[in-house]
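J.: Supplied in structure tokens, the structure appears directly below.
The values are calculated or read from the model by the stated rules, or taken from the named source; none is laboratory data. This one's a predicted model, so the numbers in the text were calculated from it and none came from an experiment. Neighbour counts are summed over all protein chains in view; Cβ atoms, including those assigned to glycine, are modelled from backbone coordinates with ideal geometry.
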Amino acid sequence: MHSLKIKHLNVEIGKKQILKDFNLEIKSGEIHVIMGPNGTGKSTLSKVIMGDTNYQITNGDILFDGKKINDLKVDERARLGIFLGMQMPLEIEGVSNADFMRSAVHAKEKEEFKLYPFIKEMNERVEKLHMDSSMIHRSINQGFSGGERKKNEILQMYLLKPSIVMLDEIDSGLDVDSLKLVGENVMEYYEKEDPAILIVTHYQRLLDYIKPTHVHIMVDGTIIKSGDASLALEIEKYGYEKEKEKYRASIGTCAVESILKHE
Amino acid sequence: MNKLVVVNDVVKEQILDDSIQLSFVPKNEEFGVNLLRIKVTESTRLEIYYENDKKSKLDIWIDVDEKVHFELIEIRNGVSSKVQYHNSLSKNSSFFSQKLYFVEGMREVSYTFLNGENAQYHSVLKTISTKKEKYDMEIIHNAKHTESNIINHGVNVKDGSIIFNVTGTIPKGMKESTLNQFNRILTFNEEECKISPILLVDEEDVIANHSAYIGKFREEELFYLMSRGIHEKDATMLLTKGFLRSKLHLEEELLEQYEKKLDTVWR
């Protein structure tokens, strides 16, 4: 059983506060979905958890299995078992996917790393993700479509076997068939490896394939409402305005003006 | 496959077919430098391996005939070298040059003349610099509808320093010509590096681009690799080797051999 706990997290970039007293706990076997309007801090959250040093934590803690990881570097967090499937995976010319993934798995498994099982698993997953097998030997994401890049992220997830999986808008750039395929592969991983999953998305459509245990609405750097899968359907139907209004009413007009002025 | 092995500025081995005419002029009272003349009469590929265990100087003249596609791969190892190129391209010819350098000090001057219409010159230079290196390159578009693409990539380690001075010239009247140059130096020491990308364009109907970058990797690239658990030093090595491989069209064996050179001088 693994867990990731975020306690009273405040985060700035430059002098702008992005996350405000953010709290969340996710555990193995849970699928949390964070939804919210653009610019509300959803992607920042996943990057901060991963250890992006462009963001400054001004208060609060990130705990992995009860241990504070605020000061760990990104690679150390990754080797603990935290994975971020990125919204816009980079293209890196000259570094092949195979070399990249082999280095990553080797860094995690160290002397236990065995080349043949690695290749076998990679080839099997490439097939299951309907990826072109030549992509393995091409430069990282070079010439890949948006959908292929997202599949490549899922492939990396499978090979690294993280216990905490964060997927940042994994559905963007995917056509209907690819969305289904990615969703099914994420669910297969969930059923096999029992990870804690945190998904950031704008749309309910991904949730046709990935069944969340918790759904959170995030506005202006904090969670304003949590619920089960039905909350995502409500958002799909009514948008975020209704929840924002309720939130305004619950905390008072002046505070809301201050909170929502950045929207 | 055509192949030359040049040791201390003297041709020691040559395997050439009829597509290449080679003449070697040893230095004499008039010319204080050995001269290698290569005339390419049919489309072909040539590999030249240079090995120097003493300071060397060499002039290389390359003429590519009309309608000929010439691919040249030059692998250069050893101690300090001075070399001067004089490349000449005829009408409808193309010349693709790929250079992999690992030399203790380098001074190179090159003049490339695109003398015939539709001539195309593509050049990719890779160097791992451990001492001073300076490159002065001039590309002169002497005909209409000519194209040059120049890529210079250097990795600066130990006591290395690199200067790229690259000048592309399109005189008046040489319409529909394209001139691109992309220069980048990855530097891992405090030595001075410099890039001077110069475009001298006296014609309006052309495409001309240049770029120059000196520094390390983009933060996002390191973050991406490290976010998969790769240690910073290994991620840096992967990115550096990737940089050295990029834009090349060579066999895996050659690329791997070149990558291994980096291992020998890495911090």
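J.: Condition first: of a type outside the set (S, T, N, Q), within 11 Å of chain A (Cβ to nearest Cβ) and touching a residue at least 12 places away in the same chain (Cβ under 8 Å). Now tell me which residues in the stretch B:235-253 satisfy that.
T.: The answer is B:Ala235, B:Met237, B:Leu238, B:Leu239, B:Lys241, B:Phe243, B:Leu244, B:Arg245, B:Lys247, B:Leu248.
J.: Here's something else I'd like to know. Consider A:Asn185 carefully, then state whether it is closer than 15 Å to A:Asn97 by Cβ, part of a helix (DSSP H, G or I) and not hydroxyl-bearing (Ser, Thr, Tyr).
T.: Numbers: closer than 15 Å to A:Asn97 by Cβ: no; part of a helix (DSSP H, G or I): yes; not hydroxyl-bearing (Ser, Thr, Tyr): yes.
When the stated conditions are applied, A:Asn185 does not pass them.
J.: Within the stretch B:123-130, does at least one residue satisfy the condition of being at pLDDT 95 or above and surrounded by fewer than 19 Cβ atoms within 10 Å (Cβ to Cβ)?
T.: Going residue by residue through the stretch B:123-130, those that are at pLDDT 95 or above are B:123-130.
Filter once more, so that each one left must be surrounded by fewer than 19 Cβ atoms within 10 Å (Cβ to Cβ): none.
No.
J.: Turning to a different aspect of this structure: When residues of the stretch A:125-136 are filtered for being surrounded by fewer than 17 Cβ atoms within 10 Å (Cβ to Cβ) and closer than 20 Å to A:Gly94 by Cα, how many remain? Steps first, please.
T.: As a first pass, look at the stretch A:125-136 and keep what is surrounded by fewer than 17 Cβ atoms within 10 Å (Cβ to Cβ): A:127-128, A:130, A:132-134.
Of the ones still in play, those that are also closer than 20 Å to A:Gly94 by Cα are A:132-134.
The qualifying residues number 3.
J.: If you don't mind, another one. Quick one: which of A:Lys150, A:Lys73 is closer than 16 Å to B:Glu221 by Cβ and among the basic types (Lys, Arg)? Show your work before the answer.
T.: Details: A:Lys150 fails: closer than 16 Å to B:Glu221 by Cβ.
Selected residue: A:Lys73, the only one of A:Lys150, A:Lys73 that is closer than 16 Å to B:Glu221 by Cβ and among the basic types (Lys, Arg).
Yes or no, residue by residue, for (1) β-branched (Val, Ile, Thr); (2) in a strand (DSSP E or B); (3) farther than 28 Å from B:Glu259 by Cβ:
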residue	(1), (2), (3)
B:Val79	yes, yes, no
B:Tyr85	no, yes, no
B:Lys91	no, no, yes
B:Ser123	no, yes, no
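J.: May I pose another question? Tell me, which residue of the stretch A:125-150 that is touching a strand residue (DSSP E or B) at 6+ places or on another chain (Cβ under 9 Å), in a helix (DSSP H, G or I) and closer than 28 Å to B:Glu251 by Cα is nearest to the other protein chains (Cβ to nearest Cβ)?
T.: Initially, the stretch A:125-150 is screened for residues touching a strand residue (DSSP E or B) at 6+ places or on another chain (Cβ under 9 Å), giving A:136-142, A:150.
Within this subset, residues satisfying the condition of being in a helix (DSSP H, G or I) are A:136-137, A:150.
Restricting the remaining residues to those that are closer than 28 Å to B:Glu251 by Cα gives A:136-137.
Numbers: A:Ile136: 14, A:His137: 10 Å.
Taking the candidates together, the pick is A:His137.
Residue-wise test of (1) facing another protein chain (nearest Cβ under 8 Å); (2) in contact with an Asp or Glu (Cβ under 8 Å, 6 or more places away or on another chain); (3) loosely packed, with under 15 Cβ neighbours inside 10 Å.
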site	(1), (2), (3)
A:Val48	no, no, no
A:Gln56	no, yes, yes
A:Gly60	no, yes, no
A:Lys68	no, yes, yes
A:Val74	yes, yes, no
A:Arg79	yes, no, no
A:Ile82	no, no, no
A:Gly85	no, yes, no
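J.: Considering B:Glu176, B:Glu219, B:Glu256, B:Glu232, which residue is surrounded by fewer than 16 Cβ atoms within 10 Å (Cβ to Cβ) and more than 14 Å from chain A (Cβ to nearest Cβ)?
T.: On the way: B:Glu219 fails: more than 14 Å from chain A (Cβ to nearest Cβ); B:Glu256 fails: more than 14 Å from chain A (Cβ to nearest Cβ); B:Glu232 fails: more than 14 Å from chain A (Cβ to nearest Cβ).
Only one candidate passes the filter, namely B:Glu176.
Conditions tested, residue by residue: (1) within 17 Å of the chain's Cα centre (by Cα); (2) under 24 Å from B:Gln120 (Cβ atoms); (3) of a type in the set (Ser, Thr, Tyr); (4) at pLDDT below 95.
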residue	(1), (2), (3), (4)
B:Asn152	yes, yes, no, no
B:Pro171	no, yes, no, no
B:Ser177	no, yes, yes, no
B:Asn183	yes, yes, no, no
B:Glu190	no, no, no, yes
B:Lys194	yes, no, no, no
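J.: Within the stretch A:106-124, can one find any residue that is among the hydrophobic types (A, V, I, L, M, F, W, C), within 8 Å of another protein chain (Cβ to nearest Cβ) and either over 28 Å from A:Leu4 (Cβ atoms) or surrounded by fewer than 20 Cβ atoms within 10 Å (Cβ to Cβ) (or both)? Quick ask: steps written out before the conclusion?
T.: Our first condition is that a residue be among the hydrophobic types (A, V, I, L, M, F, W, C); within the stretch A:106-124, this holds for A:107, A:113, A:115, A:118-119, A:122.
Within this subset, residues satisfying the condition of being within 8 Å of another protein chain (Cβ to nearest Cβ) are A:107.
Checking the rest, the ones that are also either over 28 Å from A:Leu4 (Cβ atoms) or surrounded by fewer than 20 Cβ atoms within 10 Å (Cβ to Cβ) (or both) come to none.
Among the residues of the stretch A:106-124, not one is among the hydrophobic types (A, V, I, L, M, F, W, C), within 8 Å of another protein chain (Cβ to nearest Cβ) and either over 28 Å from A:Leu4 (Cβ atoms) or surrounded by fewer than 20 Cβ atoms within 10 Å (Cβ to Cβ) (or both), which makes the answer no.
J.: Which ones in the stretch B:1-17 are surrounded by 14 or more Cβ atoms within 10 Å (Cβ to Cβ), under 17 Å from B:Arg76 (Cβ atoms) and hydrophobic (A, V, I, L, M, F, W, C)?
T.: B:Leu4, B:Val5, B:Val6, B:Val7, B:Val11 - these are the residues of the stretch B:1-17 that are surrounded by 14 or more Cβ atoms within 10 Å (Cβ to Cβ), under 17 Å from B:Arg76 (Cβ atoms) and hydrophobic (A, V, I, L, M, F, W, C).
J.: Filter the stretch B:27-49 down to residues that are in a strand (DSSP E or B) and of a type in the set (Ser, Thr, Tyr) and give me whichever is surrounded by the most Cβ atoms within 10 Å (Cβ to Cβ).
T.: Initially, the stretch B:27-49 is screened for residues in a strand (DSSP E or B), giving B:34-40, B:44-49.
Keeping just the survivors that are of a type in the set (Ser, Thr, Tyr) gives B:44, B:49.
Values: B:Thr44: 18, B:Tyr49: 16.
In this case the residue turns out to be B:Thr44.
J.: Hey, another quick one. When B:Glu204 is evaluated against the numbered criteria (1) out of contact with any Phe, Trp or Tyr (no Cβ under 6 Å at 6 or more places or on another chain); (2) in a helix (DSSP H, G or I); (3) of a type outside the set (Val, Ile, Thr); (4) more than 10 Å from every other protein chain (Cβ to nearest Cβ), which criterion, by number, is the only one it fails?
T.: (2)
J.: Need the failing condition index for B:Ser196 against (1) more than 8 Å from chain A (Cβ to nearest Cβ); (2) in contact (Cβ under 8 Å) with a residue 60 or more places away in the chain, just the number.
T.: Failed condition: (2).
J.: Still on this structure: Does the stretch B:69-103 hold any residues that are among the β-branched types (Val, Ile, Thr) and either under 12 Å from the mean Cα position of the chain (by Cα) or crowded, with 20+ Cβ neighbours inside 10 Å (or both), and which are they? Break it down stepwise before answering.
T.: Filtering the stretch B:69-103 for residues among the β-branched types (Val, Ile, Thr) gives B:73, B:75, B:79, B:83, B:103.
Within the stretch B:69-103, B:Ile73, B:Ile75, B:Val83, B:Val103 qualify.
J.: While we're looking at this one, here's another question. Return the residues of the stretch A:148-177 that are within 21 Å of A:Glu191 (Cβ to Cβ), surrounded by 19 or more Cβ atoms within 10 Å (Cβ to Cβ) and not aliphatic (A, V, I, L, M); say none if nothing qualifies.
T.: A:Lys150, A:Lys151, A:Glu153, A:Gln156, A:Tyr158, A:Pro162, A:Ser163, A:Asp171
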